[in-house]
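Have a look at the structure below before the remarks.
Just so you know, all these numbers are worked out from the coordinates, no wet-lab data involved. Quantities reported herein were computed from a predicted structural model and do not represent experimental measurements. Note that we place each Cβ from the backbone using ideal geometry, even for glycine, and neighbour counts take in every protein chain shown.
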Amino acid sequence: MKSGPAYKNTKGFVLQGVTRRDIAFAKDYAKRHNVHRVFKTADELIASSDIDACISQRLQIAIWRWR
């Protein structure tokens with residue numbers, strides 16, 4: 001996720017977690033950018049009750065879940 005560091009500078013934005021098809025890359029990214037949660041799958045991330053939005057860099061789409 002190339003824009004993760006930039007998002008951290010956005011007021012009110014909190015990067016809650018990351019996921020990738022290769023979990024080792026996700027863990028590496030999380031470690032380098034101080035992200036505390038790594039999800040094994042996109043479905044796991046989307047199903048998380050404390051996640052408000054998911055952004056797919058690969059597909060360039062955003063999926064919003066409104067409560």
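Observations on the structure shown:
- Stretchable slack from Arg32 to Ala53, in nm (0.36 nm times residue separation minus alpha-carbon distance): 5.4 nm
- Backbone phi angles across segment 22-33, fed through the Karplus curve with coefficients 6.51, -1.76 and 1.60 (θ = phi - 60°), yield HN-Hα couplings of 9, 4, 5, 5, 4, 5, 5, 4, 4, 5, 5, 10 Hz in residue order; Gly and Pro are listed as x.
- Residue-wise HN-Hα couplings along segment 39-48, as the Karplus relation 6.51 cos²θ - 1.76 cosθ + 1.60 with θ = phi - 60° gives them from phi, are 9, 5, 9, 5, 4, 5, 5, 4, 6, 5 Hz; Gly and Pro carry x.
- When each of Lys11, Lys27 is scored by the number of other beta-carbon atoms lying within 10 Å, the sequence from fewest to most is Lys11, Lys27.
- Listed by chain and number, the aspartates and glutamates whose alpha-carbon sits under 19 Å from that of Lys27, ignoring those within fewer than 8 places in the same chain, are Asp43, Glu44.
- Net charge of Cβ neighbours under 14 Å - reference His36; Lys, Arg +1; Asp, Glu -1: +4
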